[in-house]
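Engineer: Starting off with a structure, shown below.
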Amino acid sequence: MNVLVINSGSSSIKYQLLDPDSADVVASGVVQRIGEPVAEGSPSIEHKSAGRTFEHDGAVPDHATGLKLVFDLFAESGHDLAEAGLRAVGHRVVHGGEIFYEPTLVTDEVIRAIAELSTLAPLHNPANVVGIESARELLPGVPQVAVFDTAFFHGLPAAAKTYAIDAKVAAEYGVRRYGFHGTSHEYVSGQVADFLGRDRTELNQIVLHLGNGASASAVRGGKAVDTTMGLTPLEGLVMGTRSGDLDPGIIFHLIREAGMGVDEVDNLLNRESGIKGVSGVNDFRELGRLIGTGDAAAKLAFDVYIHRLRRYIGAYLVELGRVDAITFTAGVGENDAAVRAAALAGLERYGIRVDEARNTAKDRSARYISPKGAEVAVLVVPTNEELAIARAAVRLVG
Ligand code: AMP
């Protein structure tokens, strides 16, 4: 009995049909450029099933249409979802605010509350709501479960989640640190405990989720005690296209001196900054290639990225006091050996070492990259948010 997992982004929908017990993926796909014109020869939907790829070429005007087309592709590829006896549909929901911190069965009231949280995640929560409503309509009778990206960080200590601003303003407008990528940080820290054969309650961990978006977390005994993302996913590490931390005064400066509007600054910091802002490219494969050609801007982008990453690794070492495992995950973390080596270089005195042969080995499974017998386990562990969501959904619906 399978679970359908749906991740509706601002202009995309990613989905997987999978078996939560075996982790086998039956079918998966992505709808891209929703609400945008499509270029000739680049499909708006790619659906993969049993080694075959099914495509849809026309424009997809909105999320509801996208999901309907996906259901048609499922039927075309031999998996009619209405007849598949799904156990549940699991939805990744970006912002749970103060309200949601556990997987939650979707009701009308839950949908309304997720929609109301759109003020905190204006690009994401509205798309999540449409995804949930469409799936409910297309699959009446199948339980729908919302899994929140902020949930793992709900219990952050007050000192870690409080911004030092006027307390009344903070309370009125929900200004606190929420954290994101929680499903990944929770899943990966659990996988680390399994890999080490230890109970998660015994371990102090640093998890580095380095994908196009990037965040780090400090996890003590299975509970998150700090994370780099804040009110929004803009804070913290340098990312593919997001700046991460900066002096808030920069925003006033740009508004006053460059005459930028709020949306322009928002776009600049979320889509035109980070690795892309400094180097012109946001993909680390391309960045590595440019560095190889001697491109100075690409090298600077890499150095800025690593500088920020090391700052947080240092902060979390101090915060945790003792660290048992440091784990790299997501697209960059799982694939880029140069990032991993640079992030932890010169930390031998803290028991942190990276073995070059292990670090550069072509291996896709969870593995050590620290040398045998090292004090701190340095690991690469693939994340799997879809599986984590599917399992959370099944745990809830039984
Ligand atoms: P994610 O958001 O986890 O899907 O990560 C996507 C990012 O991972 C891409 O934008 C790339 O920067 C990076 N990435 C993917 N594959 C590789 C690779 N083989 N080497 C370096 N970076 C990679």
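Engineer: Please enumerate, by chain and number, the aspartates and glutamates with C-alpha under 18 Å from the C-alpha of Lys68, excluding those fewer than 8 residues away in the same chain.
Structural biologist: Those aspartates and glutamates meeting the cut-off are Glu36, Glu46, Glu55, Asp57, Glu76, Asp80, Glu83, Glu133, Glu137.
Engineer: Could you give the length gained by full extension between Arg271 and Asp166, i.e. 0.36 nm per residue of separation minus their alpha carbon distance, to one decimal place? Intermediate values should be presented prior to the final figure.
Structural biologist: Details: separation 105, 0.36 × 105 = 37.80 nm, distance 2.93 nm.
Roughly 34.9 nm would be gained on extension.
Engineer: Turning to a different aspect of this structure: Efficiency by 1/(1 + (r/R0)^6): what FRET value for Leu105 and Ala39, r their Cβ-Cβ distance, R0 = 41 Å, to the nearest 0.05?
Structural biologist: On the way: r = 40 Å, r/R0 = 0.98.
Working from the Cβ atoms, E equals 0.55.
Engineer: A further question follows. Under 22 Å from the Cα of Lys372, which lysines turn up, not counting those fewer than eight places away in the same chain?
Structural biologist: Lys362
Engineer: Whole-Å semi-axes of segment 90-176's equivalent ellipsoid, largest first, each the root of 5 times a Cα gyration tensor eigenvalue? Display every interim value, and only then the final one.
Structural biologist: Values: eigenvalues 153, 35, 17 Å².
They are 28, 13, 9 Å, listed from largest to smallest.
Engineer: What ranking do 86-99, 106-119 get when scored by the average of other Cβ atoms within 10 Å per residue, highest first? Mind showing how you got there, number by number?
Structural biologist: Details: 86-99: 23.6, 106-119: 15.8.
In decreasing order of mean packing, 86-99, 106-119 become 86-99, 106-119.
Engineer: Next question. Using the charge dipole of the chain (Lys, Arg: +1 at Cβ; Asp, Glu: -1 at Cβ; taken about the Cα centre), state which of Ala366, Ala214, Ser44 has its Cα farthest towards the positive end.
Structural biologist: The listed residue farthest towards the positive side: Ala366.
Engineer: Take the solvent-accessible surface of the protein heavy atoms, probe 1.4 Å, and return the percent of it on the chain that carbon and sulfur atoms account for.
Structural biologist: Numbers: 9440 of 18260 Å².
Accessible surface attributable to carbon and sulfur in the chain totals 52 percent.
Engineer: Starting from the Cα of Ala82, step 7 Å along the direction of its Cβ; do the same at Thr65; then give the gap between the two resulting points in nm.
Structural biologist: 2.1
Engineer: If the viscosity is 1.306 mPa s and the temperature 10 °C, what translational diffusion coefficient in µm²/s does Stokes-Einstein give for segment 324-398 when Rh comes from Kirkwood over Cα pairs? Each step should come with its number before you reach the end.
Structural biologist: Values: Rh = 13.4 Å.
Rounded, D is 118 µm²/s.
Engineer: Calculate the length of the line joining the C-alpha centroid of segment 107-154 to that of segment 197-245, in whole Å.
Structural biologist: When both Cα centres are located, 23 Å separates them.
Engineer: Given Pro233, Asn267, Val397, which one lies farthest toward the positive end of the charge dipole of the chain, if we put +1 on the Cβ of every Lys and Arg and -1 on the Cβ of every Asp and Glu?
Structural biologist: Of the candidates, Pro233 comes out farthest on the positive side.
Engineer: Hey, another quick one. What share of Cα pairs, in percent, lie more than 14 angstrom apart in segment 35-91?
Structural biologist: Details: 946 of 1596 pairs.
The proportion of pairs with Cα distances above 14 Å equals 59 percent.
Engineer: Using the crude model of +1 on Lys and Arg Cβ and -1 on Asp and Glu Cβ, and no other charge, please compute the dipole size for segment 1-91 relative to its Cα centre, in debye to 20. It would help to have the intermediate numbers written out before the result.
Structural biologist: Numbers: 6 positive and 13 negative charges, 42 e Å.
Value, rounded to 20: 200 debye.
Engineer: What relative contact order, as a whole-number percentage, does segment 210-265 give when Cα pairs under 8 Å and 6 or more residues apart are counted? Could you put the intermediate results ahead of the total?
Structural biologist: Numbers: 60 pairs, mean separation 13.4, N = 56.
The normalised contact order for segment 210-265 reaches 24 percent.
Engineer: Which log10 I(q)/I(0) values, to two decimals, does segment 264-318 give at q = 0.22, 0.27 Å⁻¹ under the Debye formula with one point per Cα?
Structural biologist: So the normalised log intensities are -0.81, -0.96.
Engineer: Let me ask something else. Starting from the amide H of Thr227, placed 1.01 Å from N in the peptide plane, find each other amide H under 5 Å away whose residue is 5 or more places distant or on another chain.
Structural biologist: The list, which skips near neighbours in sequence, is Ala218.
Engineer: Also, I was wondering about something else. Keeping all protein chains in place, calculate the accessible area per residue for the chain (probe 1.4 angstrom), answer in Å².
Structural biologist: Values: 18260 Å² over 398 residues.
Per residue, the chain has an accessible area of 46 Å².
Engineer: Charges on Cβ only, +1 for Lys and Arg, -1 for Asp and Glu, centred on the Cα centroid of the chain; of Val304, Leu86, Thr65, which one is farthest towards the dipole's positive end?
Structural biologist: So the residue furthest toward the plus end is Val304.
Engineer: Explain nothing, just compute: Karplus ³J(HN,Hα) = 6.51 cos²θ - 1.76 cosθ + 1.60, θ = phi - 60°, for every residue of segment 216-224 in order, whole Hz, x for Gly and Pro.
Structural biologist: Going residue by residue, I get 10, 9, 10, 10, 10, x, x, 10, 6 Hz, with x marking Gly and Pro.
Engineer: Using only Cα positions of the chain, each an equal point scatterer, no hydration layer, compute I(q)/I(0) via Debye at q = 0.09, 0.13, 0.14 Å⁻¹ and quote the log10 values to two decimals.
Structural biologist: Taking Cα atoms of the chain as identical point scatterers yields -0.56, -1.21, -1.39.
Engineer: Place the peptides 135-147, 366-378 in order of packing, highest mean first, counting for every residue the other Cβ atoms within 10 Å and averaging per peptide. Before the final figure, lay out the partial values.
Structural biologist: Details: 135-147: 19.0, 366-378: 16.8.
The densest-packed peptide leads the list: 135-147, 366-378.
Engineer: Can you work out the FRET efficiency for the pair His307 and Glu137, with r the C-beta to C-beta distance and R0 = 35 Å, to the nearest 0.05?
Structural biologist: Numbers: r = 48 Å, r/R0 = 1.38.
FRET efficiency, His307 to Glu137: 0.15.
Engineer: Please list log₁₀ I(q)/I(0) at q = 0.18, 0.19, 0.24, 0.28 Å⁻¹ for segment 169-235, using the Debye equation with identical point scatterers on the alpha-carbon positions.
Structural biologist: With no solvent term, the Cα-only Debye profile gives -0.66, -0.71, -0.97, -1.17.
Engineer: Quick check on segment 226-331: take the gyration tensor over C-alpha atoms, sort the square-rooted eigenvalues as a ≥ b ≥ c, and tell me if it's rounded (a/c under 1.5), prolate or oblate.
Structural biologist: Details: a/c = 2.26, a/b = 1.21, b/c = 1.88.
Taking the square roots of the gyration eigenvalues as a ≥ b ≥ c, segment 226-331 is oblate.
Engineer: Now for a different question. Among the aspartates and glutamates, select those whose C-alpha is under 18 Å from the C-alpha of Lys299, and discard any that sit fewer than 8 residues away in the same chain.
Structural biologist: Filter leaves Glu272, Asp283, Glu286, Asp336.
Engineer: What does the highest-first list of 36-49, 336-349 look like by mean Cβ count within 10 Å?
Structural biologist: Numbers: 36-49: 14.6, 336-349: 17.0.
Sorting 36-49, 336-349 by mean packing, highest first, produces 336-349, 36-49.
Engineer: Set the Förster radius R0 to 51 Å, insert the Cβ-Cβ distance between Glu356 and Ala258 as r into 1/(1 + (r/R0)^6), and round the FRET efficiency to 0.05.
Structural biologist: On the way: r = 45 Å, r/R0 = 0.88.
My answer for the efficiency is 0.70.
Engineer: Which of the three applies to segment 257-398, rounded, prolate or oblate, going by the alpha-carbon gyration tensor with a ≥ b ≥ c and a/c under 1.5 meaning rounded? Don't skip to the end; give the middle numbers.
Structural biologist: Working: a/c = 1.71, a/b = 1.24, b/c = 1.38.
It comes out oblate by the Cα gyration axes.
Engineer: Additional query: Just grab the label-to-label distance for Ser10 and Lys299, each label 7 Å out from Cα along the Cβ direction, in nm (one decimal).
Structural biologist: 3.4
Engineer: Given only helices, namely DSSP H runs of n ≥ 4 each adding -39500 (n - 2.57), what is the per-residue ellipticity at 222 nm of the chain, to the nearest 500 deg cm²/dmol? Spell out each step's value before the answer.
Structural biologist: On the way: 15 runs with 153 residues, N = 398.
-11500 deg cm²/dmol, from helical runs alone.
Engineer: In debye, nearest 20: dipole of the chain around its Cα centre with unit charges on the Cβ of K, R (+) and D, E (-)? Present the calculation step by step, with values, prior to reporting the outcome.
Structural biologist: Details: 38 positive and 51 negative charges, 263 e Å.
Using Cβ point charges on Lys, Arg, Asp and Glu, the chain gives about 1260 debye.
Engineer: Who wins for biggest fluctuation among Met260, Met239, Met229 in a Gaussian network model of the chain, springs between alpha carbons below 10 Å?
Structural biologist: Greatest mean-square fluctuation among the candidates belongs to Met260.
Engineer: To continue, here is another question. Extending each Cα 7 Å along its Cβ direction at Asp363 and Asp72, get the distance between those two points in nm, one decimal.
Structural biologist: Spacing of the two 7 Å Cα→Cβ label points: 4.6 nm.
Engineer: Work out how much length Glu116 to Tyr173 would gain on full extension: take 0.36 nm times their residue separation and subtract the Cα-Cα distance, in nm to one decimal. Could you put the intermediate results ahead of the total?
Structural biologist: Values: separation 57, 0.36 × 57 = 20.52 nm, distance 1.26 nm.
My answer for the length gained is 19.3 nm.
The values are calculated or read from the model by the stated rules, or taken from the named source; none is laboratory data. All values derive from a computational prediction rather than experimental measurement. For neighbour counting, all protein chains shown are included, and Cβ atoms are generated from backbone atoms with ideal geometry for every residue, glycine included. Side chains included, ligands, DNA and RNA excluded: accessible areas come from the protein's heavy atoms. Shrake-Rupley method; radii C 1.70, N 1.55, O 1.52, S 1.80 Å.
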